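Here's the structure we're looking at; comments come further down.
The values are calculated or read from the model by the stated rules, or taken from the named source; none is laboratory data. Everything numeric here is computed off the predicted structure, so don't read it as measured data. Every residue, glycine as well, gets a Cβ built from its backbone with ideal geometry; the counts of neighbours run over all protein chains shown.
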Amino acid sequence: MIAIVGGGLAGLACALELHRVGREFVLFEAAPVLGGRQRTSHKDGFILDHGFQVVLSSYDAVASVCDMASLQPRWFESGALLHDGRRLTHLASPFENPVAALISQAFSIPDKLRLARLGAELLLTTTEKLTARCAALEDVSTRVFLKQRGFSESFFSRFAQPFFGGVLLDNDLSTSAGLFLYYLKKFLVGRAWIPAGGIQSLPEALGSQLPSTALLLNTRVAGIFHDPHGLVLENGDTLRADKIILALDEPSLCQLLRLPAPPPARGVSGERSPPCAPLCSNHKHRPRVRAIRLAFDLRHRP
Ligand SMILES: Cc1cc2nc3c(=O)[nH]c(=O)nc-3n(C[C@H](O)[C@H](O)[C@H](O)COP(=O)(O)OP(=O)(O)OC[C@H]3O[C@@H](n4cnc5c(N)ncnc54)[C@H](O)[C@@H]3O)c2cc1C
């Protein structure tokens, strides 16, 4: 038996792979539901995702683990709305709507040209070359990279921080420039969407393909042992396993392996607010909306 610890997207995708090749597994999930960080609540007819989470059509792995059409994708328009407390500026995608992108007052023309050049470079780069470039930029922060490319401070405050600060969960843009380039290309070639039922529908779609008897909810793993391999559950039960796969978030992983706790995750809270998006959307009552626009609140919060 293969034991998978964690029923978020990683654990579920792993379970699905094993199930497809006929391997026996048991998935242990501490929470009463599957999905991990991808969670949705329902209130007064509204569908409320916990945190702003989108799927990009350029994430090839998604189509390999579920039937996207059954999730009834609700598409976001490429581009965004930027709100600075005084006006709402439309930032159109230069590739889908070049005229609107050119006349948009989102940021200066030199910054638009820099972004278009960077975007064109990425579009012309093969996946292999991009992977090598991302690895080479591992130690360079996104902020330093963008500075080196000549982007202005207003580009940072009006676009890079609210948008990529939210994507990377890092308002300082200290995340590696390699990861930034990877996501920028994914955004350039793909469109963002959320399932009509909220983001949790995605892990649920994976879970629905698995035998329910192999999914143990409300079952926290408290420890693992070796020689022979096995698990200790929170209730004290022990179980043998041929292999153990830990599909956990970093703090849970460190806790389980008795490693020092990781530094707190970089957040987008603090001086600047996190990106604000139209996450509350009563889809049932808005059937004619074809593409939703993503909105960013650029205002400083006290
Ligand atoms: C605010 C926010 C926005 C995001 N936006 C996006 C986005 O737009 N697009 C995108 O692709 N990704 C986004 N992400 C990232 C995405 O949510 C995660 O990468 C993904 O959900 C992680 O899945 P995972 O399976 O690795 O971990 P998790 O989802 O953390 O799953 C780990 C699971 O392990 C369980 N567990 C922990 N300890 C134990 C234990 N001891 N025993 C048993 N079970 C245990 C937990 O309950 C949890 O269910 C966002 C994340 C956040 C927080």
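Structure data summary
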| read-out | value |
| --- | --- |
| Residues of region 77-117 that turn out to be at pLDDT 90 or above and touching a helix residue (DSSP H, G or I) at 6+ places or on another chain (Cβ under 7 Å), as a count | 1 |
| Single unsatisfied condition, L91 versus (1) within 17 Å of F155 (Cα to Cα); (2) outside the structural domain of F159 (by TED's automatic domain parsing) | (2) |
| Check on I47, away from the ligand (no atom under 14 Å from the Cβ), assigned to a strand (DSSP E or B) and touching a residue at least 60 places away in the same chain (Cβ under 8 Å) | yes |
| Selected residue (criterion: nearest to the ligand (Cβ to nearest atom)) from residues of region 28-44 that are in contact with a strand residue (DSSP E or B) (Cβ under 9 Å, 6 or more places away or on another chain) and not in a loop (DSSP other than H, G, I, E, B) | F28 |
| Within region 236-252, tally of residues that are more than 23 Å from R23 (Cβ to Cβ) and within 13 Å of the ligand (Cβ to nearest atom) | 4 |
| Checklist (1) away from the ligand (no atom under 14 Å from the Cβ); (2) in contact with a strand residue (DSSP E or B) (Cβ under 9 Å, 6 or more places away or on another chain); (3) at pLDDT below 95; (4) over 30 Å from L115 (Cβ atoms) applied to D67, failing item | (2) |
| Test: F52 is among the aromatic types (F, W, Y), within 16 Å of the ligand (Cβ to nearest atom) and either surrounded by 15 or more Cβ atoms within 10 Å (Cβ to Cβ) or more than 17 Å from S154 (Cα to Cα) (or both) | yes |
| Yes/no for L202 being crowded, with 21+ Cβ neighbours inside 10 Å, within 12 Å of the ligand (Cβ to nearest atom) and not β-branched (V, I, T) | yes |
| Any hit, region 250-257, residues being more than 25 Å from the chain's Cα centre (by Cα), surrounded by fewer than 16 Cβ atoms within 10 Å (Cβ to Cβ) and either touching a residue at least 24 places away in the same chain (Cβ under 8 Å) or on the phi < 0 side of the Ramachandran plot (or both) | yes |
| Every residue from region 84-102 that is farther than 19 Å from F296 by Cβ and in a helix (DSSP H, G or I) | P98, V99, L102 |
| Residues of region 124-157 that turn out to be charged (D, E, K, R) and in a helix (DSSP H, G or I), as a count | 6 |
| Residues that are assigned to a loop (DSSP other than H, G, I, E, B), closer than 18 Å to G230 by Cβ and either near the ligand (Cβ under 8 Å from one of its atoms) or small (G, A, S) (or both), drawn from region 1-24 | G6 |
| Test for A30: is it at pLDDT 95 or above and farther than 25 Å from Y183 by Cβ | yes |
| Residue that is surrounded by the fewest Cβ atoms within 10 Å (Cβ to Cβ) [pool: residues in region 164-189 that are assigned to a loop (DSSP other than H, G, I, E, B) and away from the ligand (no atom under 11 Å from the Cβ)] | S174 |
| Number of positions in region 218-235 that are more than 11 Å from the ligand (Cβ to nearest atom) and closer than 19 Å to P32 by Cβ | 1 |
